[in-house]
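Quick note: the coordinates plus some simple rules give every number you see, no bench work behind them. Model, not experiment: these values are computed from the prediction. Here Cβ is always computed from backbone atoms with ideal geometry, including for glycine, and neighbour counts include all displayed protein chains.
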Amino acid sequence: MMKIGQLLIIALFATFSGNALAVSIVYNGLKCQNATDANDPRPLEISIQSRFEVVEDVGSGLFRLSLTGGLPRFVNNDQNVCIDSDTAIGFSGIPALDGLPQRLDVIDATGYFNGQDLVVIVNSINTDLSAGRTNFSGFTTSIVLPISNTLIFEHDPQTLTFKLTKIIHNRGFVRTSGATNSITPFLETILPIFGDTNENKHKILIPLSNIEYILE
């Protein structure tokens with residue numbers, strides 16, 4: 001049976017911007033020194049805020065959320081934590097409308113809250129905008145990295161905080177290369193998991209440092 005405090009949090013989460021005060025959970029941290037390297041959690045002395053805001057109560061414990069600021073970045077067996085404001089939110093763009101893809105300031109997320117545990121899923125796409133063509137009609141498209149982060153929180157009803165206990169992180173890899181005058185002019189490289197270890201699996205990351213999001 002849920003405690004009164006847990007029921008209160010569910011009620012607060014069910015209040016979303018549009019009719020009343022927005023409900024958010026917020027973590028204050030420092031911006032990552034290395035924008036795109038998922039294995040580098042060193043921070044800069046630049047304050048930044050990771051914020052999940054409730055957009056819609058879908059029902060059955062599910063919520064549509066928006067993410068601004070980025071996500072905590074850490075690696076196993078390291079105390080360092082920074083906020084990744086680049087790959088965690090990523091790019092979006094339709095050539096006919098936007099030209100080159102543009103970096104986003106906010107991205108959608110999905111949350112599930114049962115009164116005790118909160119699970120949030122965020123999917124983004126990052127690119128290095130490196131597309132080019134040589135004088136001999138050779139070309140490469142930009143490196144495109146589809147990124148998935150699943151965050152698992154434990155809720156403390158006494159302090160109204162959500163402690164981040166795990167992140168399940170995965171990156172894919174997409175790229176096109178070739179030349180128009182070759183037998184096979186287009187070479188598509190698509191890897192569901194862009195592994196940087198021999199196991200080539202998604203990462204299950206557990207923070208050594210305390211990462212708590214505060215309810216606002």
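Some notes on this structure:
- Packing rank of 64-74, 183-193, where each peptide gets the mean count of other beta carbons within 10 Å, highest leading: 64-74, 183-193
- Considering only alpha-carbon pairs that sit under 8 angstrom and 6 or more positions apart, the relative contact order computed for the chain is 17 percent.
- Candidate aspartates and glutamates - alpha carbon under 18 Å from LYS203, same-chain residues fewer than 8 apart omitted: ASP37, ASP40, ASP78, ASP84
- A cut-off of 5 Å between modelled amide H atoms, ignoring neighbours fewer than 5 places along the same chain, links LEU30 with ILE48, ILE83.
- Phi angles of the range 70-84 translate, via the Karplus equation with coefficients 6.51, -1.76, 1.60 and θ = phi - 60°, into HN-Hα couplings of x, 10, x, 10, 8, 10, 5, 6, 9, 6, 5, 9, 9, 9, 7 Hz per residue; Gly and Pro are given as x.
- VAL55 long-range amide H proximity, modeled H, under 5 Å: ARG64, LEU65, SER66
- Listed residue (ASN114, LEU129, SER85) projecting farthest to the positive dipole end of the chain, Cβ model: LEU129
- Within the chain, DSSP assigns beta bridges of which about 95% are antiparallel (rounded to the nearest 5).
- Taken along its three principal axes, the alpha carbon spread of the range 80-181 comes to 66, 26, 25 Å, from the longest extent down to the shortest.
- Here is how the number arises for the chain: DSSP H runs of 4 or more residues each give -39500 (n - 2.57), the sum is divided by the residue count, and the result at 222 nm is -1500 deg cm²/dmol.
- Principal-axis tilt of helix 4-13 within the chain, Cα atoms, nearest 10 degrees: 40 degrees
- Cα-Cα separations in the chain greater than 26 Å, expressed as whole percent: 43 percent
- Per-residue Cβ neighbour rank within 10 angstrom, fewest leading, ILE167, ILE204: ILE204, ILE167
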